[in-house]
1. Out of all DSSP beta bridges in the range 36-295, what portion is antiparallel? Express it as a percent rounded to 5.
2. Please compute the Cα-Cα pair-distance distribution of the range 184-311 with 5 Å bins starting at 0, giving whole percents from short to long.
3. Between the range 204-280 and the range 59-84, how far is it from one alpha carbon centroid to the other, in angstrom?
4. Order of 166, 220, 137 from fewest to most other C-beta atoms within 10 Å?
5. Sort 171-179, 96-104 for me by packing, meaning the mean count of neighbouring Cβ atoms within 10 Å per residue, highest on top.
6. Taking R0 as 51 Å, what's the FRET efficiency between residue 33 and residue 118 from their Cβ-Cβ distance, rounded to 0.05?
7. In Å and on Cα atoms, what radius of gyration and Dmax does the range 217-266 show?
8. In nm, give the distance between the simple-model label positions of residue 151 and residue 302, each being 7 Å from the Cα along the Cα-to-Cβ direction.
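Computed from the coordinates by the stated procedures, all read-outs in this text should not be read as laboratory data. No experiment lies behind these values; they were computed from the predicted model shown. Note: ideal-geometry Cβ built from the backbone for every residue, glycine included; neighbour counts use all protein chains shown.
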């Protein structure tokens with residue numbers, strides 16, 4: 001499992017024509033101008049994002065945070081999102097990162113005084129990612145934070161005008177090996193998120209990251225529009241450059257092939273900066289009909305991989 005850790009980041013200038021932070025927000029555009037299944041390259045960057053540079057790139061799809069620093073006050077405006085979608089480098093599908101299996105203490109919803117066990121759905125901090133806390137995601141109080149009111153996380157993303165969400169920690173059910181219903185409760189959670197979002201905006205995309213084994217459930221597969229997969233080839237078990245064991249890779253491929261066969265998008269992220277490995281990762285993904293991106297685990301750089309530039 002890999003989790004995005006948002007450090008304290010200096011706010012970069014957001015100089016994008018027609019997208020000034022103080023401009024009046026336009027009506028939200030409800031359909032991405034880049035057709036979903038024509039996406040053949042993407043950028044995954046959550047920190048140090050410069051809208052002008054990303055807009056000038058030719059990436060078809062961008063996975064990004066909905067805020068410049070993870071906090072509510074610095075959420076991107078609808079004008080900024082609309083401008084990025086229709087930017088100089090070409091039309092882009094914009095997916096907002098959203099963790100549903102862990103709470104993050106830098107998010108807008110975090111309350112002073114929260115600690116493990118208080119509220120009762122909040123668990124001990126993730127040792128690999130300080131400031132991130134696994135949650136009992138089936139708890140109605142946590143789910144209310146995620147969606148269902150104008151102040152909820154998903155509803156804020158919808159209001160900003162994103163084309164979809166990229167759901168992290170969907171594999172959080174592995175934190176509860178003694179809870180027999182944990183896996184199904186995550187399936188039900190994702191299905192509920194999908195149904196709610198699509199009721200608000202038909203065509204809104206739901207893309208879980210990892211947990212591809214869940215696509216064996218037909219209802220879950222029907223509820224999602226694609227699947228993100230980390231470490232298909234490299235960066236296994238949160239160790240950059242570590243080679244994914246063949247048996248693990250084979251199981252990932254089996255599940256992800258089901259997503260492609262269902263006419264949905266697979267986005268693969270490998271953590272390697274070695275050119276020969278980058279080439280190998282792209283070749284494997286292309287052979288299976290996936291869309292590949294190799295980057296650094298901090299997800300803080302706009303990287304153009306040599307020989308695999310977006311077109």
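1. Restricted to the range 36-295, the bridges split so that about 25 percent are antiparallel.
2. 2, 11, 20, 21, 18, 15, 9, 4, 1
3. Measuring centre to centre over Cα atoms gives 24 Å.
4. Numbers: 166 27, 220 20, 137 24.
So the ranking, lowest neighbour count to highest, is 220, 137, 166.
5. In decreasing order of mean packing, 171-179, 96-104 become 96-104, 171-179.
6. Here the calculated transfer efficiency is 0.65.
7. Values for the range 217-266 (Cα only, Rg and Dmax): 12.2, 35 Å.
8. The modelled label-to-label distance comes out at 3.6 nm.
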